[in-house]
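**Q** Structure incoming, see below.
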Amino acid sequence: MLKILFMISMLGLTGCAVNQSSNNVLTKPDEVIINNIPLSRKVRIASFSTRYINNILEAYVEVQNLSKVIYDGKFEYRFKWFDGDKYEVGKNLSIWKPLFLDALDYKKIVAFAPTQEAESFKFYIREIPER
């Protein structure tokens, strides 16, 4: 857990990957991407893991709001899924979805791979710019 906190605090403007294995359900290293340093001060990835259900990869990511501010629709997230050769599968199905976070709250996000070929994932989170 300390490794994740350290890595998130060291994020650059182009993003960084954090690898973690937990509870023997993570079969391969997967990646969590936070796109910039200001965002990493507002939210953090508390935990993540994967498992297979009926030969479909399921990913679980827990995001924590580090602020006392309620973020209604200020963030978006998406999953990208990859086969064993690291090629993206279900490319057109990877869309940005809104993320609503209460003050100092945790949000559990679960997603299923679009095909049985998926063996790993990347989770992306970004802040929606003010318009």
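Coordinate-derived values only; no laboratory data. What you see is a predicted model; the values in this text were computed from it and never measured. Positions of Cβ are generated from backbone atoms using ideal geometry, with glycine treated the same way; all protein chains shown enter the neighbour counts.
**Q** What is the order of T50, T115, fewest Cβ neighbours within 10 Å to most?
**A** T115, T50
**Q** Tell me, in nm to one decimal, what length is gained between K68 and I53 on full extension, where the rule is 0.36 nm per residue of separation less the Cα-Cα distance?
**A** Stretched out fully, the K68 to I53 stretch lengthens by 1.8 nm.
**Q** I would also like to ask the following. Could you give each residue of region 58-72 its phi-based ³J(HN,Hα) in whole Hz, using Karplus coefficients 6.51, -1.76, 1.60 with θ = phi - 60°, and x for Gly or Pro?
**A** 10, 10, 10, 10, 10, 10, 10, 7, 8, 10, 8, 8, 7, 9, 9
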